[in-house]
Amino acid sequence: MRRDEQTELTSIIIPTYNGLSLLREAIASIRNCTTEPYELIVVDNGSTDGTIAYLQEQNITFISHPGNRGFPVACNWGLRLARGDYLLLLNNDVLVSKHWLSGMLQHFRRDASVGIVGPLSNYVSGRQQIEMTGNDVETAARLMNEHKGEYEIVKRVIGFCMLFSRGLLQRIGVLDERFSPGHFEDDDYCYRASLAGYRIVIAKDTFVFHHGSASFKQGGQEGLNELIARNRQLFIDKWGMDPHRFI
C-alpha cells in the first residue's frame, strides 16, 4: 500500500570513492536543504581516505566494498538495501538547493506516467545544462522559481542525480552492470523506462550543483575517453542505435 505523501520515504543512494571532502559537503547540503522524509545510503568503493570512519561517526548507513566496483554496481547494492517509495541515485560531488527533493517529487504526484525525474545543473550534458558562474547554489535555485511546477519531457536524464519510483524499479529492474565502472548506464535505464511506458522529465524548477566527474577524473582523461567510447559501443550493441541521439 502506498504511503501518505507526508510519510513517503526517499532513499538517497550515494556511491563514493576517495572523495571524502566532496562527500562531506554533499551530505551537509542534503541535511540542510531536505524537508521530505529520506534515508541516506552510502556505498563505498574501497576508499582509503577516511570515508568509512566519517560514515560511522555520522551514523550513516553504508555498504563497504573492498575495491572500486564502479557506479552501476554500487548503485545496485544501494537499491537492494533501500526502503524508500522513491529511489534517488546521487553523485558524491554535488550540492543540493532548498526544496530540491520536494521539487522533483511533485512531478510524480502530479503525473502518474512520470517514471524518472532529473534536475537542472551547471555541469551535465544535454537539456539539463544551464549556464552559471561559480557554485552559488541558492542564487541558481531562486532563478528556478520562474519555472515553478514546470517540467520538460525528454528522452533521458543524467545519472548524477536521478530520481525514480519503486514501481519503476519493480518493473524494469536495477542498472545494467555491463556498463561498469560507468557511463551510459543512465541512458540505458531511461531507455528501458520509456519502453515500459514511463515518461522521463526534467524538473525545470530544481537545481543541483555538480562539480563533475570527480571519481572518473582520477583515472586521467585518456582513460576516461576510452571508457566512454567502450560503453557507447556497448549501448549500440545492446539496442542497435547510438545513445547520442538522446542528447
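Things to note:
- With respect to the conditions (1) over 15 Å from residue 124 (Cβ atoms); (2) in contact with a Gly (Cβ under 7 Å, 6 or more places away or on another chain); (3) not in a loop (DSSP other than H, G, I, E, B), residue 181 lacks only one, and its number is (3).
- Residue match in region 96-112 (condition: within 17 Å of the chain's Cα centre (by Cα) and of a type in the set (Ser, Thr, Tyr)): yes
- Screening region 107-139 for residues that are at pLDDT 70 or above and small (Gly, Ala, Ser) and picking the one that is nearest to residue 201 (Cα to Cα) gives 118.
- When the residues of region 208-235 are filtered to those that are outside any loop (DSSP other than H, G, I, E, B) and exposed (fewer than 12 other Cβ atoms within 10 Å of the Cβ), the one that is modelled with the highest pLDDT is 229.
- Taking region 15-45 as the range and being part of a loop (DSSP other than H, G, I, E, B) and either surrounded by 15 or more Cβ atoms within 10 Å (Cβ to Cβ) or charged (D, E, K, R) (or both) as the test, the residues that pass are 17, 18, 19, 34, 36, 37.
- Failed item, numbered, when residue 170 is tested on (1) in contact with a helix residue (DSSP H, G or I) (Cβ under 6 Å, 6 or more places away or on another chain); (2) of a type outside the set (A, V, I, L, M); (3) under 24 Å from residue 102 (Cβ atoms); (4) without any contact (Cβ under 8 Å) to a residue 60 or more places away in the chain: (1)
- Taking strands (runs of 3 or more DSSP E) as the structural unit, no element lying wholly within region 53-103 holds at least 1 residues that are free of Cβ contacts under 8 Å to residues at least 24 places away in the same chain, in contact with a Cys (Cβ under 7 Å, 6 or more places away or on another chain) and crowded, with 20+ Cβ neighbours inside 10 Å.
- Within region 104-131, being part of a loop (DSSP other than H, G, I, E, B) and surrounded by fewer than 17 Cβ atoms within 10 Å (Cβ to Cβ) holds for 111, 112, 113, 125, 130, 131.
- Of all residues in region 148-176, those satisfying the criterion of being within 15 Å of residue 127 (Cβ to Cβ) and either in contact with a Cys (Cβ under 6 Å, 6 or more places away or on another chain) or in a strand (DSSP E or B) (or both) are 151, 152, 153, 154, 156, 161, 162.
- Of all residue pairs spaced 6 or more apart or on separate chains, those with beta-carbon atoms under 9 Å, a first member in region 1-25 that is among the aliphatic types (A, V, I, L, M) and a second member that is at pLDDT below 95 are 9/3; 22/211; 22/214.
The values are calculated or read from the model by the stated rules, or taken from the named source; none is laboratory data. Owing to the predicted nature of the structure, the values given are computational and were not obtained by experimental measurement. Ideal geometry is used to build each Cβ from the backbone, glycine not excepted, and the neighbour counts take in all protein chains shown.
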